[in-house]
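This report concerns only the one structure given below.
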Amino acid sequence: MTPAIYLNSATLMTTPTQDLLEIARKAGYAGIEARAERLLKDAAEVRATAEVARPNEVLSLNGVPLTLRPDGQMNREVLDADLQPRLHLCKEIQTGYLLAIPPRAPGLAPQQAIPGTREALELARDRAAAMGIRIAFEFLGFADCPINTPELAAETVGGIDGIELVLDSCHWHASGSPSLRGFPVGRLILVHLNDAPAKPLQEVEDADRLLPGDGVIRLSDLVGELESGGYSGSWSLETFNPSYWMEDPRAVADRGLAAMARILK
């Protein structure tokens, strides 16, 4: 069965969301993932996207931060302020998932961060469920993020119902490309497939991400391990590299889909 492949708006961040939908359709993607950074500041773009989006075509909205205080406790005030407008955006553009990410908090140990992050996930889950939206948690692989490995992500969501998972190949790479043994693949609903340049892992950032096959990430190993664990869900092309934003959007979309197809064959 051909996997469903989505186009993440971060790959073409300067392209309006409604235009990205049209590009994704013509290129052959299953749909898109929308970016809150664009939509939160442009009500006209929200309306234009809502007018043209088909049911289930916008898979997700990125990335409410599960903000913690310096002692690791959930920062409810900040989370409330970030969560509500994103949930309303999800309703307007008919997306079923809001992605949640842990904080980048240098010096905060995982065991300090996990309880507050779990509490934040439960709050986000309950608020989202009341609006018919689901929460999916994505760990960040960076050294200054206390929840930065698949193992820690699994520990964070362990025993919490109603939270699904997203895995980004660059974050997996930045965390040292660890084995996914023990990672709850059954809770995984989406994989962001991208690549990274040859640079020290502690220096890798989201803006470095390349189209799949253009870097050094062991993508065939990652895909093979996920598939051997039973993964049969969706994939998304997500970079955040400004070099692509200056190119023709359709050309980038076409190259990216071809690269995904080669890796997922």
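The values are calculated or read from the model by the stated rules, or taken from the named source; none is laboratory data. Please read all numbers here as calculations on a predicted model, not as lab measurements. Note that we place each Cβ from the backbone using ideal geometry, even for glycine, and neighbour counts take in every protein chain shown. Each accessible area value is taken on the protein alone, full model and side chains, heavy atoms only, with ligands, DNA and RNA left out. Shrake-Rupley method; radii C 1.70, N 1.55, O 1.52, S 1.80 Å.
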Exercise for review: Would you kindly identify the strands (runs of 3 or more DSSP E) lying entirely within the stretch 1-76 that contain at least 1 residues that are out of contact with any Phe, Trp or Tyr (no Cβ under 9 Å at 6 or more places or on another chain)?
Suggested key: 31-34, 58-65
**Study point:** Selected residue (criterion: most open to solvent (accessible area, probe 1.4 Å)) from residues of the stretch 1-38 that are farther than 18 Å from Pro242 by Cα, of a type in the set (A, V, I, L, M, F, W, C) and more than 14 Å from the chain's Cα centre (by Cα)
**Key:** Met1
Exercise for review: All but one of (1) open to solvent by 10 Å² or more (accessible area, probe 1.4 Å); (2) farther than 22 Å from Val191 by Cα; (3) part of a loop (DSSP other than H, G, I, E, B); (4) of a type outside the set (A, V, I, L, M, F, W, C) hold for Arg104, so report the exception by its number.
Suggested key: (2)
Exercise for review: Among the numbered conditions (1) surrounded by 21 or more Cβ atoms within 10 Å (Cβ to Cβ); (2) free of Cβ contacts under 8 Å to residues at least 60 places away in the same chain; (3) within 29 Å of Pro115 (Cα to Cα), tell me where Leu219 comes up short.
Suggested key: (3)
Practice item. Being surrounded by 15 or more Cβ atoms within 10 Å (Cβ to Cβ) and closer than 12 Å to Ile114 by Cα is the filter here, so list the residues in the stretch 70-81 that pass it. Key: Gly72, Met74
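This table checks each residue for (1) out of contact with any Leu (no Cβ under 6 Å at 6 or more places or on another chain); (2) on the phi < 0 side of the Ramachandran plot; (3) surrounded by 15 or more Cβ atoms within 10 Å (Cβ to Cβ).
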{"residue": "Gly159", "(1), (2), (3)": "yes, no, no"}
{"residue": "Glu164", "(1), (2), (3)": "yes, yes, yes"}
{"residue": "Ser179", "(1), (2), (3)": "yes, yes, no"}
{"residue": "His192", "(1), (2), (3)": "yes, yes, yes"}
{"residue": "Asp206", "(1), (2), (3)": "yes, yes, yes"}
{"residue": "Pro212", "(1), (2), (3)": "no, yes, yes"}
